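Since the structure comes first, as structure tokens, the remarks are kept for the end.
The values are calculated or read from the model by the stated rules, or taken from the named source; none is laboratory data. Since the structure is predicted, the reported quantities are computational estimates derived from the model, not experimental observations. Here the Cβ positions follow ideal geometry from the backbone for every residue, glycine too, while neighbour counts run over all protein chains shown. Just the protein is used for accessible areas: all its heavy atoms, side chains included, with ligands, DNA and RNA removed. Shrake-Rupley method; radii C 1.70, N 1.55, O 1.52, S 1.80 Å.
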Amino acid sequence: LFIIIILSYPEGITGNSSGSPGGKTNSPTDGNNCTGCHSGNINSGPGNISISSNIPSTGYIPGETYTITTNITENGSNKFGFEITSEGGSGVNPKIGEWIITDGNSTKKVNNDAAVTHKSSGNSGSNNMSWSVDWKAPLWGISTGIVNFYAAGVAANNNGNNTGDNVYTTEYIVNEQQPSSLENNTNIFNIFYSNNKINISCEIELKKLMVHTING
């Protein structure tokens with residue numbers, strides 16, 4: 001038993017350098033954060049964590065892909081880690097949207113692909129660290145109107161164990177873009193179905209047309 005403990009100890013204190021085990025974003029569904037593996041109280045350190053994106057202020061368009069960036073800042077720290085997830089607040093399917101890895105050297109999917117975390121090759125920085133990943137918004141009919149992004153991160157002191165590290169959490173909320181009003185679409189004046197074709201009579205050229213089933 002003593003030998004097993006000794007052999008397991010180094011792995012236990014360094015395992016999370018390669019990423020979160022999953023379910024540690026502090027979201028309502030996950031219910032946990034990085035303090036499960038790192039000592040300390042959340043958001044009590046001198047640093048902070050933030051989430052940003054290129055989603056416009058008018059909201060996300062269902063089915064479109066956007067870049068989500070998580071940033072941790074803490075002076076004096078050179079090791080960082082994070083996990084981010086997206087939830088729609090629905091009790092039926094709380095995890096919403098699709099994560100697309102764009103930097104395979106620094107990030108990877110976790111928690112059954114419902115979240116993204118760092119890799120061992122993407123945890124080093126000087127006073128701050130950022131990770132970017134693409135997120136595909138849910139399709140029409142699946143979207144819940146509001147998406148909450150939750151992230152938890154660690155600013156570590158790199159002392160070889162889980163003491164003295166600071167854990168931070170944050171939430172980022174985006175809305176679904178509402179369809180334009182009928183007045184803004186008066187250029188479309190006739191839509192009809194004939195000979196297995198959908199015909200649209202329009203005053204101007206349509207550059208893009210999205211067709212969805214009744215289920216989205």
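Name the long-range amide H neighbours of Ser77: under 5 Å, sequence gap of 5 or more, or other chain; modelled H, no Pro or chain starts.
Counting only residues 5 or more places away or on other chains, the set is Asn127.
Rounded to the nearest 0.05, what FRET efficiency is calculated for Ile200 and Glu64 with R0 set to 30 Å and r the Cβ-Cβ distance?
Computed FRET efficiency for Ile200 and Glu64: 0.85.
At each listed q (0.13, 0.14, 0.15 Å⁻¹), what is the log10 of I(q)/I(0) that the Debye formula gives for the chain modelled as equal alpha-carbon point scatterers?
-0.77, -0.85, -0.94
Apply the Karplus parameterisation 6.51 cos²θ - 1.76 cosθ + 1.60, with θ equal to phi minus 60°, to every residue of the range 199-215 and state each ³J(HN,Hα) to the nearest whole Hz, in sequence, with x for glycine and proline.
Values, residue by residue: 9, 10, 8, 9, 6, 10, 6, 8, 8, 8, 9, 10, 10, 10, 6, 5, 8 Hz.
What ³J(HN,Hα) values, in whole Hz, does the Karplus curve 6.51 cos²θ - 1.76 cosθ + 1.60 give for the range 145-157 when θ = phi - 60°, with x put for Gly and Pro?
x, 10, 10, 10, 9, 10, 9, 10, x, 10, 9, 9, 8
Which lysines have a Cα less than 20 Å from the Cα of Lys108, not counting those fewer than 8 places away in the same chain?
Excluding near neighbours in sequence, the set is Lys24, Lys79, Lys95, Lys119, Lys136.
With springs connecting C-alpha atoms under 10 Å apart, model the chain as a Gaussian network and identify which of Asn43, Asn195, Asn159 has the largest mean-square fluctuation.
Asn195
What do you get for the angle between helix 2-14 and the principal long axis of the chain? Use alpha-carbon atoms, 0 to 90 degrees, nearest ten.
That helix lies at roughly 50 degrees to the long axis.
Would you mind working out the accessible area per residue for the chain, using a 1.4 Å probe, and quoting it in Å²?
Normalised by residue count, the accessible surface of the chain is 57 Å².
Which cross-chain or sequence-distant (5 or more) residues have an amide H under 5 Å from the amide H of Cys202, H modelled 1.01 Å from N in plane?
So Cys202 has HN proximity to no qualifying residue.
Taking 7 Å along the Cα-to-C-beta vector as the label spot, tell me the Asn128-Met210 distance in nanometres, rounded to one decimal.
Placing both labels 7 Å along Cα→Cβ, they lie 3.3 nm apart.
Which value, in debye to the nearest 20, describes the size of the charge dipole of the chain about its Cα centre when Lys and Arg Cβ atoms bear +1, Asp and Glu Cβ atoms bear -1, and nothing else is charged?
For the chain, the charge dipole is close to 300 debye.
Below 22 Å, Cα to Cα, which lysines can Lys197 reach? Residues fewer than 8 away in the same chain don't count.
Partners within reach: Lys207, Lys208.
Quick check: convex hull of the Cα atoms in the range 23-107, volume per residue, rounded to a whole Å³?
Residue-normalised Cα hull volume stands at 141 Å³.
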